[in-house]
Each structure stands twice: as C-alpha cells, then as structure tokens.
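Participant: Once you've had a glance at the structure underneath, I'll fire off some questions.
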C-alpha cells in the first residue's frame with residue numbers, strides 16, 4: 001500500500017539542457033518529499049522541456065545540485081556487473097542493461113546457443129551455460145531472473161545465498177509457499193529481492209498513485225481497471241490468465257489500496273480455451289473492478305485502461321497498442337473543467353531496472369519489494385481459486 005507523504009519520481013531531461021553542463025546525460029533525478037518541485041515537474045514537464053527560460057535554468061540548476069548531493073555516484077561510475085538468467089524476456093533486459101553506463105559487464109545464462117551468440121554479437125555480453133558460474137562469480141552485483149516462473153524460487157534463493165541482490169520477473173511465484181520461502185531467504189541474506197512490478201513505474205499509473213496518495217480530489221470510491229489482448233501470448237486460459245495477465249493490474253490495486261476485505265470473481269471461456277475474467281475487490285467504502293480478457297480478435301489492440309472515481313473528480317486513462325502505433329490519453333474530469341494531462345514517453349521496464357540498480361546501493365525498502373509482490377500474489381491466487 002502507498003506510504004503517505006512520500007513521493008519518488010524519476011525524470012530524464014532532454015540533452016538540450018545537459019549538453020553545456022559538466023555532467024553526463026541522460027540525467028536521472030530522484031526526489032524525496034520535495035512536493036513543490038515534484039508537482040511542478042509533474043504538471044508542466046512539457047513546458048519545461050520546450051520553453052527554456054531563466055526560471056527553468058534556475059530550477060534545473062537546483063535539481064542538479066540536489067542530485068549531486070543525494071547521489072554522489074554519477075552515471076557510469078559504479079562499474080556494476082549483472083547476471084541475467086534466461087534468453088526469452090531476458091534478452092530485452094539485456095538490451096536495457098547494455099544502455100546503462102553504470103553496467104560494466106553482463107553475464108547471460110541460457111541453453112539456446114544461437115540466442116546467446118546473437119546477444120553477444122549485439123551487446124558484447126559474456127556467455128554462460130552453467131548457472132553455477134554466475135552464482136559463484138563474486139563480483140556480480142545483481143542477478144536478473146527471467147527464467148520460467150516455476151524456477152524463480154530455486155534460483156532466487158540460490159542467488160541470495162551467494163550474496164547477490166535479485167531482480168525477479170513477475171509473477172514472482174505460482175504459490176504463496178514458494179514466495180514466502182523467497183522472502184525468508186531475502187531477510188536472511190540482507191540483500192534486496194525486488195520484483196518487476198512494472199506498472200508502479202508506468203507514468204500514467206505514477207500520476208494516479210500520486211493523485212490518490214495526496215488526496216488531490218478527495219477520497220477514492222471506485223477503480224475500474226482493464227487489460228484486453230488478442231491471443232498473442234500463448235496460453236492465457238483459466239489456469240494462467242490471472243497470474244500471467246491480470247497480475248499486473250492486481251498489483252497496482254494492492255499498491256493503491258492494500259489487501260481487500262472481500263474478493264469475488266467470475267469467468268467465461270471462449271474458443272481455444274482463451275478466457276475473460278472479472279474480479280471485484282471490496283474495501284471500506286471503495287471497490288476495485290478488474291477485468292481481463294485474452295479473447296479479443298486479432299485486429300483488436302493490446303488495450304489497457306483505468307477509470308477512477310474520487311469525491312471531486314474522475315480520472316480516466318487508456319492505451320491502445322496497435323502493431324504500427326499506440327494511442328494514449330489521460331484525462332481528469334471535474335465539475336469545472338476537463339483537462340488532458342501530458343504523459344512522458346518513457347519505458348517502465350527501463351525505469352524499473354534503473355530503480356533496482358539504485359536500490360541495491362541502499363538498505364531502504366524498495367517500492368517493488370518481495371513483500372509487496374506477496375500481497376498481490378495472494379490476491380491473484382484467491383481470484384484464481386474462485387474461477388477454477
């Protein structure tokens with residue numbers, strides 16, 4: 001659940017402002033509990049980037065000084081070593097790590113020699129065909145776990161026992177027992193175990209979390225959140241759709257509201273076993289409706305959306321992803337006006353990885369900690385039980 005009065009933002013500024021400064025770019029800034037600066041960036045980022053003026057220069061200088069004070073290690077100074085397990089979605093993680101100057105070496109474990117050689121030619125990675133080699137390499141800072149979900153428990157625990165931080169793909173596990181074992185290993189090791197709860201880093205969802213946390217439009221009363229897809233992703237039938245598709249939105253509901261008092265769910269199964277599920281999570285004077293479907297026709301976009309009712313406003317967002325373009329819009333409706341909010345064109349997966357690399361430098365609890373993933377997993381498993 002959100003911690004009140006604590007905000008974390010990551011904003012990458014255009015090279016236009018950085019070229020003349022004696023620091024490397026793109027510059028990532030993190031601000032803690034500086035609401036004036038955060039709010040100004042949050043609501044006026046496009047104006048800041050497109051209309052330079054003396055106030056902008058002063059503001060940017062202030063933020064850069066703050067960054068230097070809070071983050072003495074500049075980009076490219078940390079020489080980090082990463083071990084990536086898996087060459088499926090792990091290949092995309094490798095691409096993201098290869099663009100981070102803090103990352104000096106990337107070791108990649110896989111069983112497909114063609115994929116490994118391709119990654120080596122593109123990104124200069126170190127090929128590993130024995131997981132033990134990654135576990136026993138002492139100077140690897142972080143193990144990024146992109147293996148099949150059933151293997152998460154085994155290799156997360158093994159990495160933690162070898163003194164390594166872990167960044168694990170979602171879902172963290174398929175059972176509470178497995179996830180709790182991972183959490184126990186994390187606590188024993190003193191290392192970070194983070195989960196790729198990527199919606200927490202998606203800009204439209206960051207805005208919603210900020211609005212909710214600050215009570216900008218009063219109390220929240222209803223969330224409707226949706227995720228619809230054509231059958232692109234293989235088996236998303238009744239045994240997989242909750243943990244492999246709905247999980248992302250379930251996690252965001254838990255991030256905003258915590259564990260519900262009551263969960264109800266229903267499903268329908270269509271052709272080739274694809275499925276649609278609707279879940280209702282009830283809290284004190286607020287409820288969240290979560291709808292997901294893998295039954296959409298091939299011409300339908302990969303579509304995500306939310307609509308949230310507050311005392312004094314409705315906030316509505318949609319993203320329709322087609323093969324050749326994407327349509328997005330975030331709008332706030334009040335009695336007095338309708339306002340479209342600007343959205344940054346950033347990558348939530350990239351932000352989550354940058355955040356993970358920062359958090360392994362601290363002992364603070366991350367906002368994507370294994371304990372947060374346990375809450376959303378428990379909710380997901382309850383929904384799954386209701387529809388089976």
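Participant: What are the residues in the stretch 226-245 that are closer than 14 Å to residue 384 by Cβ and touching a helix residue (DSSP H, G or I) at 6+ places or on another chain (Cβ under 7 Å), if any?
Facilitator: 236, 237, 238, 242, 243 - these are the residues of the stretch 226-245 that are closer than 14 Å to residue 384 by Cβ and touching a helix residue (DSSP H, G or I) at 6+ places or on another chain (Cβ under 7 Å).
Participant: Would you mention how many residues in the stretch 315-326 are farther than 12 Å from residue 208 by Cβ and modelled with pLDDT of 95 or more?
Facilitator: 3
Participant: For residues that are under 18 Å from the mean Cα position of the chain (by Cα) and touching a residue at least 60 places away in the same chain (Cβ under 8 Å), scanning just the stretch 152-167, find the one that is surrounded by the fewest Cβ atoms within 10 Å (Cβ to Cβ).
Facilitator: Once the filter is applied, the top-ranked residue is 165.
Participant: Right, another one. Test residue 217 against the criterion of being in a loop (DSSP other than H, G, I, E, B) and over 27 Å from residue 142 (Cβ atoms), and give yes or no.
Facilitator: Against the criterion (in a loop (DSSP other than H, G, I, E, B) and over 27 Å from residue 142 (Cβ atoms)), residue 217 qualifies.
Participant: Still on this structure, I have one more. Has the stretch 114-136 got any residue that is in contact (Cβ under 8 Å) with a residue 40 or more places away in the chain and surrounded by fewer than 18 Cβ atoms within 10 Å (Cβ to Cβ)?
Facilitator: No; the residues of the stretch 114-136 include none that is in contact (Cβ under 8 Å) with a residue 40 or more places away in the chain and surrounded by fewer than 18 Cβ atoms within 10 Å (Cβ to Cβ).
Participant: Next question, about the same structure. Could you please find all residues in the stretch 300-340 being touching a residue at least 60 places away in the same chain (Cβ under 8 Å) and surrounded by fewer than 17 Cβ atoms within 10 Å (Cβ to Cβ)?
Facilitator: Scanning the stretch 300-340 gives 300, 311, 312, 328, 334.
Participant: Next question, about the same structure. What is the residue count in the stretch 215-238 for residues that are surrounded by fewer than 16 Cβ atoms within 10 Å (Cβ to Cβ), over 17 Å from residue 286 (Cα atoms) and modelled with pLDDT of 95 or more?
Facilitator: So the count comes out to 0.
The values are calculated or read from the model by the stated rules, or taken from the named source; none is laboratory data. Computed from a predicted model, the values in this text were never measured in an experiment. Don't worry about glycine lacking a Cβ; one is built from the backbone with ideal geometry, like all the others, and counts go over all protein chains shown.
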